[in-house]
Each structure stands twice: as structure tokens, then as C-alpha cells.
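Novice: Next up is a structure, given as C-alpha cells.
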Amino acid sequence: MKISLSILDFDFAKLNEELTPLYPYIDYLHLDIMDGVFVPNISFGIPIIKSLRKYSDILFDTHLMIVEPEKYIESFAECGSNLITFHLEATKKVKENIQLIKRLGLKCGISINPSTKLDLLFPYLKDLDLVLIMGVNPGFGGQSFMNEVLEKMAKLKQLQDKYHYEIFVDGGINLKTISHVSNLCDTVILGSAVKKAENKIELLKQIKSTF
Ligand code: DX5
Ligand code: ZN
């Protein structure tokens, strides 16, 4: 069971300083890219990823919350991403994007919002390395986990026998909600819970021990 740490709530002027001590306790760095169109917020982009890449080999899990991700996938691959996840709701070129990400040699994921039906993903499951289930409406860190997505996660878990994707869950995960999702996913994304923790390393260790 793996942890991907979202940098969204960290101090962007001190990213490297705040993140480096945490790297031994996480599996991926989760990079939330927001365009102000697909979601009502703008976060950061390629220059930040490029800068972070200079200082570490940790796996970069890039979560594109942008419309028409096909326009930028190549750039996000070049700046150092290892996994690229795009939203099903944000593009008409789902198949093409999967092929492009794979051709670039990266792991490919698709994410769906809490209100998006899981069935819409079925045609693509066989080609995916990961499915990222949003536990909140994308756009902001620090929101509450929506329990209704557990049903989708359980169904994905059942279907996992037939395919080779991993299940990621993103949004609202903390020491309370982890118990609901730990049996239903392979990777949890953590943001504000870590940023707010008095002892960040202790929290990461505690989360790991729940699996
Ligand atoms: C939400 C982002 C999440 C978020 C996680 O749009 O995709 O990755 O930053 O943060 P928490 O854990 O605070 O919900
Ligand atoms: Zn995310």
C-alpha cells in the first residue's frame, strides 16, 4: 500500500525544504495541476515540476485537472512526471491520450469526479495502470471525503481481478477516513492532513501502519 503526497497545501517558497525530509516515508509526490477552467482554481505548472525534479528521484504522480490534456501531456512528461493521470470529463480524446502517455514511456491513469459514473470508464480499464477516484470535487485541498464514492471503489476492487490497474483515492483522506478506504485501494493521496500534522513523519507512519 502506497502513499502519494500532494504538495498543494505546502509553502511554495519552501517546497524543497519542507518535502525532502518526507521523501523516505512516501512513495510518490502528487502534483495537482489546475487550469481555472476544468476546476475553479489555478495551482502551478511545468516550471515547479522541473525545479523539484532537479533535487530528487522520487516518483512524480501528476494529476492533470485541465481541459484538453492532450495539448500538454508531452510537456508534463518532459519535465519529469512518471505517472500522468487525466480526467475522463476533460477530454474527447481518451484513447489517444492513453496511447500518448504510454508511448512516452509513462504510467497512465484516468480520474473521475465523485458524480461521474464508473461505467463510463469500463471501455478503458484494460489499458490503464491506475484509476484515480476523487473523494472530493476537484479544485481544492482540505475538503471532506464523500462517502458515496466508496461504492465505486468497491466495484473497481472487484473488477481488479480481470485487469492490472491500481486504485488511487484522492481528496479528504486523513486518520479518520483512511479506515474506510484502506481495503479498497492501492495508493492514498494525502494533502492537508500531512500539512496540518504537528509531526508529519509520525502521521505518514501511522497511515502506512493502517494497511
Ligand atoms: C483536489 C486535489 C487533491 C488534494 C488532496 O483537487 O486533486 O490532490 O490536493 O488534498 P486533501 O488531502 O487535503 O483533500
Ligand atoms: Zn490530486
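Every number in this text was worked out from the coordinates using simple rules, so none of it is lab data. Quick caveat, the model's predicted, so the values are computed rather than measured. We place every Cβ from the backbone using ideal geometry, glycine too, and count neighbours over all the protein chains shown.
Novice: Can you pull out the trypsin sites (Lys or Arg not before Pro) in the stretch 76-133 whose DSSP state is coil and whose Cβ has at most 10 other Cβ atoms within 10 Å? Mind dumping the intermediate values first?
Specialist: Numbers: sites: LYS92, LYS93, LYS95, LYS102, ARG103, LYS107, LYS117, LYS126; in loops: LYS92, LYS93, LYS117.
Within the stretch 76-133, the qualifying trypsin sites (Lys or Arg not before Pro) (loop, at most 10 other Cβ atoms within 10 Å) are LYS92, LYS117.
Novice: If you don't mind, there's one more thing I want to ask. Over what distance in Å are the Cα centres of the stretch 10-69 and the stretch 98-176 separated?
Specialist: 19
Novice: Let a ≥ b ≥ c be the square roots of the eigenvalues of the Cα gyration tensor of the stretch 88-196; is it rounded (a/c under 1.5), or, if not, prolate (a/b larger than b/c) or oblate? Could you put the intermediate results ahead of the total?
Specialist: Details: a/c = 1.77, a/b = 1.52, b/c = 1.17.
It comes out prolate by the Cα gyration axes.
Novice: Give me, ordered by chain and number, the residues 5 or more places off LYS2 or on other chains with an amide H under 5 Å from its own placed amide H.
Specialist: THR187, VAL188
Novice: Turning to a different aspect of this structure: Note down the relative contact order for the stretch 114-211 as a percent, whole number, built from C-alpha pairs under 8 angstrom at least six residues apart. Mind showing how you got there, number by number?
Specialist: Details: 131 pairs, mean separation 26.3, N = 98.
Relative contact order here is 27 percent.
Novice: What distance in nm lies between label points placed 7 Å from Cα along the C-beta direction at GLU198 and ASN183?
Specialist: For GLU198 paired with ASN183, the spin-label model returns 3.2 nm.
Novice: If you average over every viewing direction, what projected area does the convex hull of the Cα atoms of the chain give, in nm²?
Specialist: For the chain, the mean projected area of the Cα convex hull comes to 10.5 nm².
Novice: Separate question: Name the most mobile residue of ILE48, ILE101, ILE189, meaning the one with the largest mean-square fluctuation, in a Gaussian network model of the chain with Cα contacts below 10 Å.
Specialist: ILE48
Novice: Which lysines have a Cα lying under 29 Å from the Cα of LYS54, excluding residues fewer than 8 positions away in the same chain?
Specialist: Partners within reach: LYS2, LYS14, LYS71, LYS102, LYS107, LYS195, LYS196, LYS200, LYS205, LYS208.
Novice: List the aspartates and glutamates whose Cα lies under 14 Å from the Cα of LYS162, skipping any in the same chain that are fewer than 8 positions away.
Specialist: Hits, sequence-local ones excluded: ASP127, ASP129.
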